[in-house]
Amino acid sequence: SVLDELFDLNWRFGDSPLVYEKEVFVGLSSSTRWDLASGSRTQVVINTLRRVSRKLDQTNSCLNATMYGDVGNKLVQHAKRTQALPQLPAYQTELVRTVVREVRELNREVNSLLEPFSGSFNPSQEPATACALLVNHLSMRRNKRCLLAYHRVRTDKLEDMCWRGVDILGNDQTTGEPQAMNAEDSKSSLSPEEEEYVRLYSDLLAAYKGQWTDIDLTGSLEPPTDLFIDVRVLKDAGEIQTEYGAINLTKNSQFYVRQGDVERLIQQGYLQKLS
């Protein structure tokens, strides 16, 4: 290799600028021998390092190339981060489309490999082709699992938000801190299919809860530690009726109210419980 040529230069200085041994000279490449014959030791090192640099650039370009499964792995990483976030992040449309295109490309490659055999493929007679088919098939299955895992995590997040009473489509995903977001930014975090799913799931949830009007199925299963709590209004919610009278919830105002009267508003993000 070029690195071996660089470190195997067994030269020694004498009366001439550069004296080299014959066996070392014969073992080098033609370009390096030409540089040595010209008598320029510095030029030999410079030219050799340039060839090393070119080879390293070619190696890096190969390592940076996208391989099958890389995009699917990015979707899995997004899904893992989504589980730890209080809100649903933006839908990764481009990544999903790229994984789908990759699956279709693999499927076309499988069809092209099987096309010459006309339905009479024998894996034992064509082990190389059988190996390529197996790798492509496993790659497609892995991409499918990555897509299903990504969408399952987002679906579970949407269902949990529906049960907590968060108005997802109405841009009420606040989880305790006021956030300035417009409706366009909110809808951009969901795909059109997810928006339709939320509508249908909310309708099913409303029909299910309607069978028990005297029970709040979305309420917390843990009993409250304090009967009355301090709350701060994050968004204007208008006037509400409580056991002790009407309260006008205006933004940035604070109240000392019974927790049972405002628990649903806290879940929806209109109020923030103060410690």
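What follows draws every value from the coordinates through simple rules; no lab data is involved. Computed from a predicted structure; not experimentally measured. FYI the Cβ positions are ideal-geometry reconstructions off the backbone, even for glycines, and counts take in every protein chain you see.
Some values worked out for this structure:
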item: Rough spin-label spacing in nm, given labels placed 7 Å along Cα→Cβ, for Glu222 and Tyr256; result: 2.4 nm
item: Per-peptide average of other Cβ atoms within 10 Å, ordering 259-267, 136-144 highest first; result: 259-267, 136-144
item: Alpha carbon centroid spacing (whole Å) that separates the stretch 79-137 from the stretch 189-206; result: 29 Å
item: Length gained when the stretch Met67-Tyr201 is fully extended (0.36 nm per residue, less Cα-Cα span); result: 44.5 nm
item: Ranked by how many other beta carbons lie within 10 Å on average, peptides 100-107, 117-124 from highest; result: 100-107, 117-124
item: Pairwise FRET efficiency - Leu274 versus Ala84, Cβ, R0 = 30 Å, nearest 0.05; result: 0.75
item: FRET efficiency, Gln241 to Gln211 (Cβ-Cβ, R0 41 Å, nearest 0.05); result: 0.95
item: FRET efficiency estimate (nearest 0.05) - Cβ-Cβ, Arg264 to Leu114, R0 45 angstrom; result: 0.15
